[in-house]
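**Student:** So that we are looking at the same thing, I have put the structure below in structure tokens.
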Amino acid sequence: MVHNSCVILGTGSYAPARVVTNDELAKTIDTSPEWIFTRSGIRERHITAPNEATSDMAVEAAKAALHDAKLAAADIDLLILATLTPDLLLPAAACQVQHKLGIPTHAACFDLNAACSGFIYALDTASAMIQSGRYKHALVIGAEKLSAIVDWKDRTTCVLFGDGAGAVVLGRSTKAGVGVIGAKLGAYGDSTDLLYIPKGGSRHPATAASIAAGDHFMKMKGKEVFKLAVRAMDEAARDILEQHHLRADQITLVIPHQANLRIIEAVAQYLEIPMDRFYVNLDRYGNTSSASVPIALDEARKAGRIKHGDITLLVAFGAGLTYGSALIRW
Ligand code: COA
């Protein structure tokens, strides 16, 4: 029997050059570097240059992942860009990335929005498409310019987010039980109002008044998101482990969505997995939404934290509220 496993052939990431520290933020809004660090674990974040958009960052991360995979743009026949901040509302930023990279016109290219769970949603989607045998090499990217949709006057949100991109190249393997061995996706659609942008969509198209009121910026009920995030990540992780008859101590590394260190610590406690088996880089990036998991994955691989035969657990939650987990055997 021929197996079609979907394996990760390469990873890459990109962060804009400009670093904004908590000290710098405390000069423009009513906050303190200590408050931000103790409540979130964030020390600094990368912010794009004015002429830099999501597709530009996605292209850089994708180039690094292709180089790592020793493949060319011409080899890609599927591109999924997970983002909630596409360059334009129309068309999909994936098509801009395709063009800039020189990916052939026979490749399927689309954006996917599952907010901060977007990368895991895209990974599961691409993995199923690869396993179907109809696609050979996929580029899955998470890229976000959150600095464009946060209200820099709202101290309850602006201190938490950053910009960046991460990417993986996927391919087929005839070996069974390797690569993306499973995923669990879900959503609490009754909680759309916990994290959303009120105006500028088809329900309430932008008007001069809505823009003056700042209703095109992200609004968040932080405390409620926090509680649901811990529950969703714990459940998503437990479900996938159970489905695959794995114990928590068989997971060599957890790559969680990087939103808040206290959320990650609570999840670690519930799952009874020590914090030294969680990869954490949110102190340097803040929350980069769908870019956070692939950036962390790329860093962890390059830091030697992932070895042949290891099982890595990815787990995330995001606006929607969406959640997702995935298991990768290397
Ligand atoms: N600087 C200083 N004080 C701030 C502040 C800031 N940047 N932001 C909020 N505060 C104040 C609040 O106004 C509040 O003041 P009050 O008690 O006088 O009303 C106080 O700090 C405590 O706020 P609270 O919301 O209770 O803090 P918290 O411990 O819940 O932490 C978050 C706030 C946002 C850090 C936390 O709730 C969180 O991380 N939630 C999840 C958010 C998330 O992950 N979103 C992304 C989803 S993908």
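No value in this document is a laboratory result; all are computed from the given coordinates. As the structure is a computational prediction, the values presented were derived from the model and not from experiment. So basically every Cβ, Gly included, is an ideal-geometry build from the backbone, and we count neighbours across all protein chains shown.
**Student:** Kindly put L79, L71 in sequence by how many other C-beta atoms sit within 10 Å of each C-beta, fewest to most.
**Tutor:** Details: L79 28, L71 17.
Final ranking by Cβ density, sparse to dense: L71, L79.
**Student:** Here's a follow-up. Report for the chain the percent antiparallel among DSSP-assigned beta bridges with both residues inside it, nearest 5.
**Tutor:** Numbers: 39 of 55 bridges.
Bridges in the chain that DSSP calls antiparallel: roughly 70 percent.
**Student:** A follow-up question, please. Per residue of the range 45-58, what does 6.51 cos²θ - 1.76 cosθ + 1.60 with θ = phi - 60° give for ³J(HN,Hα)? Whole Hz please, x for Gly and Pro, Karplus curve as stated.
**Tutor:** 8, 9, 10, 5, 6, x, 8, 9, 10, 4, 5, 5, 5, 4
**Student:** Taking the Cα centre as origin and putting +1 on Lys and Arg beta-carbons and -1 on Asp and Glu beta-carbons, what dipole magnitude results for the range 73-188, to the nearest 20 debye?
**Tutor:** Details: 9 positive and 9 negative charges, 68 e Å.
Once rounded to the nearest 20, the dipole reads 320 debye.
**Student:** Same structure again: To the nearest 20 Debye, how big is the dipole of the chain about its Cα centre, given +1 on the beta carbon of each Lys and Arg and -1 on that of each Asp and Glu?
**Tutor:** Numbers: 33 positive and 34 negative charges, 86 e Å.
Value, rounded to 20: 420 debye.
**Student:** Show me the ranking of peptides 233-239, 98-104 by mean Cβ neighbours inside 10 Å, starting with the highest. All intermediate terms of the calculation are to be shown ahead of the outcome.
**Tutor:** Numbers: 233-239: 20.9, 98-104: 17.1.
Listed from highest to lowest mean packing, they are 233-239, 98-104.
**Student:** I'd like to know which of I130, T48, G166 lies farthest towards the positive end of the charge dipole of the chain, counting +1 on Cβ of Lys and Arg and -1 on Cβ of Asp and Glu.
**Tutor:** I130
**Student:** Please report, for the Cα atoms of the chain, the Rg to one decimal and the Dmax as a whole number; what are they, in angstrom?
**Tutor:** 18.8, 63
**Student:** Could you work out how far the C-alpha centroid of the range 74-127 sits from that of the range 155-209, in angstrom?
**Tutor:** If you average the Cα positions of each part, the centres end up 13 Å apart.
**Student:** If you don't mind, there's one more thing I want to ask. Identify, among V7, L90, L101, the residue whose Cα sits farthest towards the positive end of the charge dipole of the chain, taking +1 on the Cβ of Lys and Arg and -1 on the Cβ of Asp and Glu, with the dipole about the Cα centre.
**Tutor:** Going by the Cα projections, it comes out as V7.
**Student:** Quick one: Karplus J couplings for the range 243-259, per residue in order, coefficients 6.51, -1.76, 1.60, θ = phi - 60°, nearest Hz, x for Gly and Pro?
**Tutor:** Karplus-based 3J(HN,Hα) across the range 243-259 equals 4, 9, 6, 10, 8, 4, 6, 8, 8, 7, 8, 9, 10, x, 4, 9, 10 Hz.
**Student:** Right, next: May I ask you to sort S325, S173 by Cβ crowding, counting other Cβ atoms within 10 Å and putting the fewest first?
**Tutor:** Exposure proxy ranking, most exposed first: S173, S325.
**Student:** Now a separate question. For the range 1-89, state which trypsin sites (Lys or Arg not before Pro) are in a DSSP loop and have at most 11 other beta carbons lying within 10 Å of their beta carbon.
**Tutor:** K27, K70
**Student:** Let me ask you something else. With θ set to phi - 60° and the Karplus curve 6.51 cos²θ - 1.76 cosθ + 1.60, what are the ³J(HN,Hα) couplings of the range 81-88 in order, to the nearest whole Hz, using x for Gly and Pro?
**Tutor:** Whole-Hz 3J(HN,Hα) from phi for the range 81-88: 10, 7, 6, 10, 10, x, 3, 9.
**Student:** In this model, which of K63/K100; K70/K136; K70/K184; K175/K307; K136/K184 are farther than 19 Å apart at the alpha-carbon?
**Tutor:** Numbers: K63/K100 10 Å; K70/K136 15 Å; K70/K184 30 Å; K175/K307 17 Å; K136/K184 23 Å.
As for pairs spanning more than 19 Å Cα to Cα, those are K70/K184; K136/K184.
**Student:** Between D23 and T38, 0.36 nm times their residue separation minus their Cα-Cα distance comes to what?
**Tutor:** On the way: separation 15, 0.36 × 15 = 5.40 nm, distance 1.37 nm.
Answer, rounded to one decimal: 4.0 nm.
**Student:** Right, here's the next one. Using +1 at the Cβ of each Lys and Arg and -1 at the Cβ of each Asp and Glu in the chain, identify which of V280, S325, Q250 lies farthest towards the dipole's positive end.
**Tutor:** Q250
**Student:** How large is the dipole of the range 180-329 about the Cα centre if only Lys and Arg carry +1 and Asp and Glu carry -1, each at its Cβ, rounded to the nearest 20 debye? Can you show the working numbers first?
**Tutor:** Details: 18 positive and 16 negative charges, 51 e Å.
Dipole about the Cα centre, nearest 20: 240 debye.
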